[in-house]
Ligand code: GDP
Ligand code: MN
């Protein structure tokens, strides 16, 4: 689950990680009153107004702006709230901005120059260990840094039995070219950041930029935080941070129905019971020359109601050209599932405008095939995996 920048920063701050302080507003007037409060709390005269959407590159799209007065806070917030923000990470239609973060300006002049760094914490899947990835080239597109100047990206892998060691934290501060107070601040920053990553059950932290201020403080100016969905049951307060407006509407609806649905780009809708079988089915579709339009695990109870709900969800995707139902009847008998499919089909025949291929394997599969074939509906029955693939192929042509 992805979070907004202000939510990610809230989590970081609760672990003592230094952040650019701010508050979230959903109207321009609210932004102005929050700016006044921030000035009292932090002494800042200038504020940055930052669009809160689940996408990076907001600065480039005009979603991050500096306000040098309360009048500017008002006019900028007014302009950003309600805008359709298009960034290199959104679709061409962009994302509607519902809220802005009103934050203290932390790029103030002082004793030394400010510097921007890049830092992320994530799991290295090939070694099975968490790692901290960091670079002196902050504030920029990290993919570009990786391509053009890969020697400027460093990594520190963490041994789970020791956690991030003091030596590693100092090594990071050293590689970032810091000394004196900034060095010590950075050691504290990464130590707390790593602890926050582990204890919040996150799967990604990306802080770009981490800022060294002109008075040598180290602050997270941006925060991309992804929480591990499988740990949300024990992080109730974080689970409440979900903003469904930022998520795929079909996925949100499927979730409410208890269906395990992930939207994909292809043209063949899949309805499957069991995650493993769903993966195998997606491979099968690929090999038949199609492209899966979704991952969908209907779970254990493939009755008529459930099948109908699943059909409705799949058909919301306009790219779907065919639907492959691949269900293994173990405890639930295939003939029952077949009857469920026929019933669901009859209930919504006027809405189904694509061919349906049904493969039912397991208990009473032959009987199920017969039920489908004798129903007289536009449903193609298959028993073998390959048979189903061939039918998908033929129908896609
Ligand atoms: P992103 O574009 O979505 O990655 O959003 P960021 O939070 O990284 O902000 C984009 C850029 O805005 C940063 O790289 C900074 O250069 C700039 N910025 C952020 N906060 C401040 C601030 O307090 N003062 C000034 N002057 N610039 C800021
Ligand atoms: Mn950023």
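The values are calculated or read from the model by the stated rules, or taken from the named source; none is laboratory data. The shown structure was predicted, so the numbers you read here are calculated from the model rather than taken from an experiment. Note: ideal-geometry Cβ built from the backbone for every residue, glycine included; neighbour counts use all protein chains shown.
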| Do the conditions hold for residue 103, that is, is it closer than 26 Å to residue 142 by Cα, within 16 Å of ligand 2 (Cβ to nearest atom) and either modelled with pLDDT of 95 or more or outside any loop (DSSP other than H, G, I, E, B) (or both)? | yes
For region 263-277, check the following and say yes or no: at least one residue is part of a helix (DSSP H, G or I), surrounded by 19 or more Cβ atoms within 10 Å (Cβ to Cβ), in the same structural domain as residue 357 (by TED's automatic domain parsing) and more than 16 Å from ligand 2 (Cβ to nearest atom). no
(1) within 16 Å of ligand 1 (Cβ to nearest atom); (2) out of contact with any strand residue (DSSP E or B) (no Cβ under 8 Å at 6 or more places or on another chain); (3) closer than 30 Å to residue 320 by Cα all hold for residue 244 apart from (1)
Given the conditions (1) within 16 Å of ligand 1 (Cβ to nearest atom); (2) free of Cβ contacts under 8 Å to residues at least 12 places away in the same chain, every one holds for residue 236 apart from (1)
Sole miss for residue 91 among (1) without any contact (Cβ under 8 Å) to a residue 60 or more places away in the chain; (2) assigned to a loop (DSSP other than H, G, I, E, B); (3) more than 16 Å from ligand 2 (Cβ to nearest atom); (4) surrounded by 15 or more Cβ atoms within 10 Å (Cβ to Cβ) is condition (4)
Among 199, 144, the single one that is loosely packed, with under 14 Cβ neighbours inside 10 Å, over 14 Å from residue 18 (Cβ atoms) and within 16 Å of ligand 2 (Cβ to nearest atom) is 144
Flagged in region 139-159 as in a loop (DSSP other than H, G, I, E, B) and modelled with pLDDT under 95, in numbering order, are 139, 140, 141, 149
How many residues of region 213-235 are more than 15 Å from ligand 2 (Cβ to nearest atom), part of a strand (DSSP E or B) and over 21 Å from residue 53 (Cβ atoms)? The answer is 1
